[in-house]
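Worksheet for the structure shown next.
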Amino acid sequence: MDRRGLFFLAMATLCALLVWPTPNELRFVGWWVTGALAALGVLSLIDDALRHRGHGRNGLR
Amino acid sequence: MEFTLVVVVVAIAIIFDFVNGFHDAANSIATVVATRVLKPWQAVLWAAFWNFIAFAILPLKVANEIAKIVDKGVVSIGLVFAGLMGAIFWNILTAWFGLPSSSSHALIGGMVGAGMAKAGWHVVNGDKIRKTAVFILYSPMIGLVLGFALIVGLMWLVHRSRKRTRVNKSFRALQLVSAAAFSLGHGANDAQKTMGIITALLVSTNHFSSKVMDDAEAIPLWVVLSCHGAIALGTMTGGWKIVKTMGTKLTKLEPMGGVAAETAAAATLFFTSYKGIPVSTTHTITGAIVGVGSAQRLSAVRWNVAGRVVWAWVLTIPGSALVAALTYWIVDLLS
């Protein structure tokens, strides 16, 4: 389980929820942070999955 | 009599600013001292200089935002006194329990609590509170994303270098720049909060014209200089003893990590100061340090410390507002 990826995705969800009460002129900050955290979360999950596949192969050798 | 009370409350506000500098000094200098780039006394002088000079570089928009948190028609000496007392009492209480609370949010909570106690919820400027409240989460998250991106970029740049000592030496020197940038952002955002409170008080007592509330550049120089001077003096005094702080408590930082975290936090503080958004410098650097630490591995971050920080985020504004409201009612009863 990639805790880092899940942490980033949870924070992205929180930031996305906060976009609604954010004043209009600053909403771009909310979208930007949400997008960046979501991207980091997805990349981290992919990285973790690839590492586990690597470990699996090593184990079979 | 009124003039004496105004002087006393302004003095309390400036002492609050001094304590803010004292409390936050370590955020700016912990990494430069820990990596022995500077001796503690050199580091505090360096940070204090940039704290002080910030007024000449960054706009005073945060001061205006703070001054307008409570409707200027209800601001009085008693209200500002209660707001400051709420913030001071909350800071002492959280320090007692070891919670890393934000002086900035305590001050905002104090003003809101005292304003509500005096005239109800409608005198509180909802837009300003909303802006401050959402940035309680946004500012550390911006710091986190920037810190993560910077450390990944830097690691990618130096990963082929075999001359590890030369790389470390370069980053030790760069820490001087990143610590200066962070101190500049700290001085700008934090000194302006006290400046805003003093401005609101002096406008309400007719010592300043009300146009000061709308034009940041109209704030008299003596207010600007006393607030920046107080925070710089606080930094000089606090830094002497406080070295072991967020930089070492949350995660261990190497010179490269220190540069990434301080630069990310400084960029966040510059942006928020430019936009007139009051944020906590402690939360911002905490987010940046977590970003740098989690780029290496998530276990590098001490999550129990981070969890205590989150509790302090949630509780500070309502807690200080409650204390300020109680103080206001007591002051009102006595007078």
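The values are calculated or read from the model by the stated rules, or taken from the named source; none is laboratory data. This one's a predicted model, so the numbers in the text were calculated from it and none came from an experiment. Neighbour counts run over all protein chains shown; Cβ positions are idealised from the backbone, glycine included.
Taking the condition at positive phi, at pLDDT below 90 and surrounded by fewer than 19 Cβ atoms within 10 Å (Cβ to Cβ), does B:Gly126 pass? Write out each step before concluding.
Numbers: at positive phi: no; at pLDDT below 90: yes; surrounded by fewer than 19 Cβ atoms within 10 Å (Cβ to Cβ): yes.
No, not satisfied.
Hey, does the stretch B:66-83 have a residue that's without any contact (Cβ under 8 Å) to a residue 60 or more places away in the chain and crowded, with 24+ Cβ neighbours inside 10 Å?
Within the stretch B:66-83, not a single residue is without any contact (Cβ under 8 Å) to a residue 60 or more places away in the chain and crowded, with 24+ Cβ neighbours inside 10 Å.
Does B:Met141 meet the test of being modelled with pLDDT of 90 or more and away from chain A (no Cβ under 14 Å)?
no
Do we find that B:Val243 is at pLDDT below 85, part of a loop (DSSP other than H, G, I, E, B) and more than 14 Å from chain A (Cβ to nearest Cβ) in this structure?
Considered against the rule, which asks whether it is at pLDDT below 85, part of a loop (DSSP other than H, G, I, E, B) and more than 14 Å from chain A (Cβ to nearest Cβ), B:Val243 comes out as yes.
Conditions tested, residue by residue: (1) more than 30 Å from B:Arg36 (Cβ to Cβ); (2) assigned to a helix (DSSP H, G or I); (3) modelled with pLDDT of 90 or more.
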site: B:Lys169; (1), (2), (3): no, yes, no
site: B:Arg172; (1), (2), (3): no, yes, no
site: B:Ala181; (1), (2), (3): no, yes, yes
site: B:Gly185; (1), (2), (3): no, yes, yes
site: B:His207; (1), (2), (3): yes, no, no
site: B:His228; (1), (2), (3): no, yes, yes
site: B:Gly247; (1), (2), (3): no, yes, no
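Using the structure shown, decide if B:Ile151 is of a type in the set (A, V, I, L, M, F, W, C), closer than 21 Å to A:Ala12 by Cβ and buried (at least 20 other Cβ atoms within 10 Å of the Cβ).
Details: of a type in the set (A, V, I, L, M, F, W, C): yes; closer than 21 Å to A:Ala12 by Cβ: yes; buried (at least 20 other Cβ atoms within 10 Å of the Cβ): yes.
So B:Ile151 passes the test.
Listed here are the residues, each with its yes/no results for (1) modelled with pLDDT under 80; (2) part of a helix (DSSP H, G or I).
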| site | (1), (2) |
| --- | --- |
| B:Val223 | no, yes |
| B:Gly234 | no, yes |
| B:Thr237 | no, yes |
| B:Pro278 | no, no |
| B:Ser299 | yes, yes |
| B:Val309 | yes, yes |
| B:Pro318 | no, yes |
| B:Ala324 | no, yes |
| B:Tyr328 | no, yes |
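When you go through B:Trp121, B:Trp96, B:Trp90 one by one, which is the residue that is crowded, with 22+ Cβ neighbours inside 10 Å, hydrophobic (A, V, I, L, M, F, W, C), more than 30 Å from A:Leu43 (Cβ to Cβ) and at pLDDT below 90? First the steps, then the outcome.
Working: B:Trp121 fails: crowded, with 22+ Cβ neighbours inside 10 Å; B:Trp96 fails: crowded, with 22+ Cβ neighbours inside 10 Å.
Criteria check complete, one pass: B:Trp90.
Which of the residues belonging to the stretch A:1-49 are under 17 Å from B:Thr132 (Cβ atoms) and of a type in the set (Gly, Ala, Ser)?
Result: A:Gly30, single match.
Among the residues of the stretch A:1-39, how many are assigned to a loop (DSSP other than H, G, I, E, B) and more than 10 Å from chain B (Cβ to nearest Cβ)? Show your work before the answer.
We begin by selecting, within the stretch A:1-39, every residue assigned to a loop (DSSP other than H, G, I, E, B); these are A:1-2, A:20-23.
Retained after the next criterion (residues that are more than 10 Å from chain B (Cβ to nearest Cβ)): A:1.
Looking only at that region, the number is 1.
Scan the stretch B:156-201 for residues that are closer than 21 Å to B:Ala265 by Cα and small (Gly, Ala, Ser) and jot them down.
B:Ser170, B:Ala173, B:Ser178, B:Ala179, B:Ala180, B:Ala181, B:Ser183, B:Gly185, B:Gly187, B:Ala188, B:Ala191
With B:Val134, B:Val112 as the choices, which residue is free of Cβ contacts under 8 Å to residues at least 40 places away in the same chain, crowded, with 21+ Cβ neighbours inside 10 Å and of a type in the set (A, V, I, L, M, F, W, C)?
Matching residue, one of B:Val134, B:Val112: B:Val134.
Within the stretch B:172-207, can you find the residues that are more than 30 Å from B:Gly143 (Cα to Cα), surrounded by fewer than 20 Cβ atoms within 10 Å (Cβ to Cβ) and either among the aromatic types (Phe, Trp, Tyr) or touching a residue at least 40 places away in the same chain (Cβ under 8 Å) (or both)?
Correct list: B:Val203, B:Thr205, B:His207.
Looking only at the stretch A:4-22, count every residue that is over 15 Å from the mean Cα position of the chain (by Cα) and surrounded by 14 or more Cβ atoms within 10 Å (Cβ to Cβ) and tell me the total.
3
Considering only residues of the stretch B:1-54 that are surrounded by fewer than 20 Cβ atoms within 10 Å (Cβ to Cβ) and of a type in the set (D, E, K, R), which is farthest from B:Ile198 (Cα to Cα)?
B:Arg36
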